[in-house]
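Student: Let me begin by handing over the structure; questions about it come next.
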Amino acid sequence: MLELIGNLPEQWHGGHSGHGDISWTGWRNGVEALVRGRQLHVTVMGASVANGCGAGGLPLAQRCDRNATVGLGSVCTSANSWPRWMQEGLASELRLSETLNASLPRSPVIMTVHAKNAVGALHFAHCVRSRVSNQTHIVLLDLAQTSSQGDMHTLFHAVRQSAPWVSIVAPVWVPMRQLGRSEAHSSNDEKALALGVDVVRVDLAAKALLSMEPGVAGPLIKMQCALYDDAVHPSPEGHRLYGDMMARYMARKLLLAQAHPLQAAQSEHGSLTSPAQLPTPWEQCFPDAAQLPVLNEHNSSWRLVDEGAHKHVRKLTLLSDRPGEEVQIGPLGTDGVESCGDARATRHKASPPPGLVRAPNGTTSTAVQVEIGYRISKSWSYGAFRIHCMPAPQLRAVIDPHRGCHCSADPSYWSWQLNPFPVIHTNAHLSRNPHYRDDRFNFTITASVSFPLFIWPANSQCIVQIRHLDSHSSEARGRARGGRVAVSGRVGNKTSVRVDSLSVSCAL
């Protein structure tokens, strides 16, 4: 693919640098590490494309044969994924540099990939420090296929706040149906660049290659099946194009960083905090269903299952197929949660609910933000669940009116409209979020619901209880889009719900 990239116009060779000198910090630190004989550390966060889905697809001739009887299947493999090609290509590009080759270690690029199928940017906006180490120089966010502009900006801010020493790059690969109107992302690019984020439009390079004359790129490149394995994922050749483009961009940026003055960044933004100096915010992170601290696993039908085997990836979820069953997750709010401060200082500006007694020493509640990742689908077999918070079991042994836990709906208007708390419908047809009800939404993804949890006093512990609801119950029907008519029309008696992750952090 490198020879094809070389035939592209100059503007498609790579991407655009984020505005402001702060965007150069990680590049500069990375090239200094290489000059000193150390390794460049790159972290990738992404969904199924970063997970290598499509990279294990059918051979090119079969994939592009319209008469073939073999169905398309997006097989995932890291062996031919774009991060692997980028790592290999970047090392090769760096060895061509006269200024770097002599000092390069044997393996100059260390790649860490955090990828999970069917997740959006908000999945990675929490617990950033658990994915970005003190050694990381560059963070690549490959989530354009699954995330809105607003969610991407939330993630940009979260990475910048948690790891200000890194540089952020947002490569863009879009679903096939969006390839013809890729210019529509231009306004998104400008906003990302304004935040100091580099943008690499791999999709525009793919579009340019697909429209080239046969004598330039070869006749096969005119067919979209040459670069796409299915409607969303790159083919093995598409992954190679993606990885080669990123390798070339990163090599050029590192070489430019050798001459880029870091002093300007420090004078404009103040002295940058080093990884050792930066305080780690309090948080509890359970990004994988296998890590969820289930308290009642021995007396509940909720169970851990792997639903990714057909794509050759591990996709664990906590599943219930029996309405009425509950799962208890916790304890939440362990040592250190008191650093979140007084709940009255947060945007929620709330103390324990009325009627509950404050501790004798005047301790007020601490507010944390809980986010639960759950699976949503257009399948009518997907059900609903209800969220409830309560003190941890050891605290309920003795009745103490001065201790407690209370979760409530996020006070923002849009949060309430899109995710009415505490009942969540995982059937996209019944969701209040119009994005999931849209006819073009035909996926199964991990969505999330976020809500404040008030804990008093601050050193108490709480559990989150999730109850699988009967979709025909009055509680479930009342929270469904379309209400009684929508539920009774299509929903069967047997439904299932799936919980993928949970995180807790200080409320803002």
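Student: Can you tally the net charge around Ser301? Count Lys and Arg as +1, Asp and Glu as -1, for every other residue whose Cβ sits under 11 Å from the Cβ of Ser301.
Tutor: Every neighbour counted, the sum reads -2.
Student: Take the Cβ-Cβ distance between Leu255 and His388 as r, set R0 to 51 Å, and report the resulting FRET efficiency rounded to the nearest 0.05.
Tutor: According to the calculation, E is roughly 0.35.
Student: For the range 431-463 and the range 139-163, what is the centre-to-centre distance using only Cα atoms, to the nearest Å?
Tutor: When both Cα centres are located, 18 Å separates them.
Student: Counting only other residues whose beta carbon sits under 12 Å from that of Asp470, what net charge do I get with K and R as +1, D and E as -1?
Tutor: Taking every Cβ under 12 Å from that of Asp470, the sum is +3.
Student: So what does Phe443 come to for accessible area, using a 1.4 Å probe and Å² rounded to 10?
Tutor: My reading of the accessible area for Phe443 is about 90 Å².
Student: Just reorder Lys253, Lys207, Lys116 by solvent-accessible area, largest first, 1.4 Å probe, all chains present.
Tutor: Most to least solvent-accessible, the answer reads Lys207, Lys116, Lys253.
Student: In whole Hz, what ³J(HN,Hα) sequence does the range 123-131 give by Karplus (6.51, -1.76, 1.60; θ = phi - 60°), x for Gly and Pro?
Tutor: Residue by residue, the range 123-131 yields 4, 9, 6, 9, 6, 4, 5, 7, 10 Hz.
Student: Here's a follow-up. Check His114: other-chain or 5+ apart residues with amide H under 5 Å from its amide H, H built from backbone geometry?
Tutor: Val44, Met45, Gly46
The values are calculated or read from the model by the stated rules, or taken from the named source; none is laboratory data. Being a predicted model, the structure only gives us computed values, none of them experimental. Counting neighbours? That spans all protein chains shown, and the Cβs are built from the backbone with ideal geometry, glycine included. Side chains are part of the model used for accessible areas, which takes the heavy atoms of the whole protein and leaves out ligands, DNA and RNA. Shrake-Rupley method; radii C 1.70, N 1.55, O 1.52, S 1.80 Å.
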